[in-house]
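Student: Have a look at this one.
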Amino acid sequence: MTKMTFTKNNIVILTLFTFFTILSGESRIINHYLYLDIKPETNTLTARDKVLIETSDRYWEFKLSSKAEITELRVDDEIREYEIRPVTDSDSRLDLKLIRIQRKMLEKSEKIIDISYTGVFHHDVESTEFSREKIAMEVNATISNEGVFLSPSSGFYPMSSEKLSSFDTVIKLPTGWDAVSEGKLIKAEKSDEKSVINYKSLNPLDAIHVTAAIWVVESQIVDGIEFYTYFFKEDSSLAAEYMNMSIEYVKMYSEMISPYPFSKFAVVENFFPTGYGMPSYTVLGRSVVRLPFIVYTSLGHEVLHNWWGNSVYVGDKGNWCEGLTTYQADYLYKLQNSSSSARQYRKDILKDFTIYVNEKNDISPAGFISRTDMASRSIGYGKVAMIFHMMEERLGKERFLQALQNVVAQAQFTHANWDDFFTAMENVSNEDFSEFQEKWVSQSGAPTLNLTEDDDKVYLHQSGVIKPMWIQISYLYDNGTKIIKEVYSNSEKERLYPPESDGLVGIRADENYHVMRRLHETEMDPTIREIISEEDYVFVVPEQSDEWKEIARSFNGYLSEGSELDIRTQPPLENDRIVIYLGVQPEFLSHLKLNGNIKVNDEILDASEHCLVWAYKNSDDNPGLVIYSSNSRELIPIARKLPHYGKYGYLVFNHGQNIIKGNHESIESPLVWQK
């Protein structure tokens, strides 16, 4: 499962969900007794897995990495022959092979199979990036002197089907190394020659990962739960804050949903950029843990995944867990901050969907498996979060949480799908949500809304697609009164009936962005993300010097997908290019200048010590960006940070640290009617 998904939600923290399909022979591994001997200096894994396996067919089957060479295979201590076949199901995109062992006549269907194998795993991590807008290349297995990361998608241990297994994992490493995996830490034996670490799952798991390195390790026991931090020496000063916030998040969600389902929670620093959440721990890259907002946002997201996705597992009919975790973590933290922050977050979800999702790449939430690009993220994280928000708006907070608690009670350490959630919500409300589920979950799309007037009557319109929804309608009166009514809409045209006609001066529909919909162009305030990953930039710089060429090259590398560099000292005459002003403040932003300083939100800032980032749209509605400081050194540290702030319309940095961020106001909306 990709679970990573971040707020100040600029980073998105992924959690790795692995979807292994049921094999034709219905083989199922019940228990793993897994021994891993990891040699970082040679990138080598030597392993032995004694598995209790059962089948409903005349053979046993399992998948293993194509990099793994089997040195011995026994069934009940008897060496057996096996057949290697290509993987032909949905896992064919992974580097796996299928191992088949024929059953003998009258041989029992359940056996212990003992597999020994070795392989070299060394995935290049140099080009790995991770941010909200840029989808990182997934590293599924790498062993090096810097560290070890082994994901189940690499096939580093035998896998049979998507059914759940228990794991008893022993990991041998060089002296001084530590390892983290799913389950309870049973022992960690350290000597001058080696480190041996043993983890055992107390509940069935859908997969395991292994992360290893040389860390500074801290631990604490609170309410019977073991909390750990594994940080590299140079970042060990961050451990205390991560430890304290982990404890707070576990307490909060234990009270909100159900008791914490595991014996430990660990924060593990990785040597390449990641944001993964596994059962009982999270793996955050070195560049991620250093971001100051992560501990207050993305960390909580990863803690919450221990309920959604890592103990209530994702079943068939779509991955609901990323959207639900986003809703109860990233969105919740905005709501706890202020109602205006929550409103902006909801609007950002609608903006993302409007920008990135079109007829060619739209899928239903039931078809979402994992994030692969910004379109799939806008659906699986954003739209799904809004579906849960619409249901909470309908049910109320208390009944909504009761429904979620009921799902956990019924489905913990097994699989849940969308049906389970809607059944739980129907049970607490005695309402029928079958049409809502069908149109919002099983079907793709989102409507566009607008208000029209005909013969002194005001109508709400849905266009594009028609979806059932409860919409807040605000009626404004000449005495300053505002009356808010909820209107159910499930048709192309719905007449609105004001509670009072006398004195009515205006009507607003969904002014606080509570329903999932496409935004109109006039509602789309410019943001930084609109120019990220585009390929047709023009950089306007003060002069054609080596210094400014190097600065432009740096921004081009972080913002684009390697587009060709176009540097000028004057903007192009045509309006169809994306223009990024570097160190140049164009005349149309003259209102932000005051005596050589920068003026933002009535604050006057020294332009030599601050950098302003300002998203804009030109007269043809094409996006652009101004990145300005009178001191070129102020621009240099901004390039690598900018992709993490994509949802904002303007930023101010002081010596590389963000001090101001915000969004531009939308001026008009077709969801406003005035008499």
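Student: How about region 42-91: which of its residues are of a type in the set (Lys, Arg) and in a strand (DSSP E or B)?
Tutor: The answer is Arg48, Lys50, Lys63, Arg74, Arg85.
Student: Please work out which one of (1) closer than 29 Å to Lys233 by Cβ; (2) open to solvent by less than 10 Å² (accessible area, probe 1.4 Å); (3) assigned to a loop (DSSP other than H, G, I, E, B) is the condition Leu291 fails and give its number.
Tutor: Here Leu291 clears every test but (2).
Student: For region 409-456, how many residues are open to solvent by 50 Å² or more (accessible area, probe 1.4 Å), in a strand (DSSP E or B), more than 18 Å from Leu324 (Cα to Cα) and touching a residue at least 12 places away in the same chain (Cβ under 8 Å)?
Tutor: Matching residues across region 409-456 total 1.
Student: Of everything in region 563-616 that's in a loop (DSSP other than H, G, I, E, B) and among the aliphatic types (A, V, I, L, M), which residue is surrounded by the most Cβ atoms within 10 Å (Cβ to Cβ)?
Tutor: Looking at residues that are in a loop (DSSP other than H, G, I, E, B) and among the aliphatic types (A, V, I, L, M), I get Ala607.
Student: Within region 520-538, can one find any residue that is among the hydrophobic types (A, V, I, L, M, F, W, C), part of a strand (DSSP E or B) and either farther than 30 Å from Ser338 by Cβ or under 32 Å from the mean Cα position of the chain (by Cα) (or both)?
Tutor: yes
For (1) at pLDDT 90 or above; (2) open to solvent by less than 10 Å² (accessible area, probe 1.4 Å), each residue gets a yes or a no:
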{"position": "Arg58", "(1), (2)": "no, no"}
{"position": "Leu98", "(1), (2)": "yes, no"}
{"position": "Lys104", "(1), (2)": "no, no"}
{"position": "Lys108", "(1), (2)": "no, no"}
{"position": "Tyr117", "(1), (2)": "yes, yes"}
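Student: Considering region 219-234 alone, what residues qualify as being under 13 Å from Val268 (Cα atoms) and surrounded by fewer than 16 Cβ atoms within 10 Å (Cβ to Cβ)?
Tutor: The answer is Ser219, Lys233.
Student: Go through region 302-347 residue by residue and tally those that are over 18 Å from Trp418 (Cα atoms), under 16 Å from the mean Cα position of the chain (by Cα) and open to solvent by less than 10 Å² (accessible area, probe 1.4 Å).
Tutor: Total meeting the criteria: 6.
Student: Right, something else. Looking only at region 181-206, which residues are in a loop (DSSP other than H, G, I, E, B), at pLDDT 95 or above and among the charged types (D, E, K, R)?
Tutor: Of everything in region 181-206, just one residue is in a loop (DSSP other than H, G, I, E, B), at pLDDT 95 or above and among the charged types (D, E, K, R), namely Glu182.
Student: Now for a separate question. On the given criteria, is Lys163 surrounded by fewer than 24 Cβ atoms within 10 Å (Cβ to Cβ), part of a loop (DSSP other than H, G, I, E, B) and touching a residue at least 40 places away in the same chain (Cβ under 8 Å)?
Tutor: yes
Student: Consider region 236-251. How many of its residues are open to solvent by 10 Å² or more (accessible area, probe 1.4 Å) and either of a type in the set (S, T, N, Q) or touching a residue at least 40 places away in the same chain (Cβ under 8 Å) (or both)?
Tutor: Of the residues in that region, 7 qualify.
Student: Filtering region 626-643 down to residues that are touching a residue at least 60 places away in the same chain (Cβ under 8 Å) and open to solvent by 30 Å² or more (accessible area, probe 1.4 Å), which residue is farthest from the chain's Cα centre (by Cα)?
Tutor: For region 626-643, the residue satisfying everything is Ile636.
The values are calculated or read from the model by the stated rules, or taken from the named source; none is laboratory data. Since the structure is predicted, the reported quantities are computational estimates derived from the model, not experimental observations. So basically every Cβ, Gly included, is an ideal-geometry build from the backbone, and we count neighbours across all protein chains shown. Heavy atoms of the whole protein, side chains included, go into the accessibility calculation; ligands, DNA and RNA do not. Shrake-Rupley method; radii C 1.70, N 1.55, O 1.52, S 1.80 Å.
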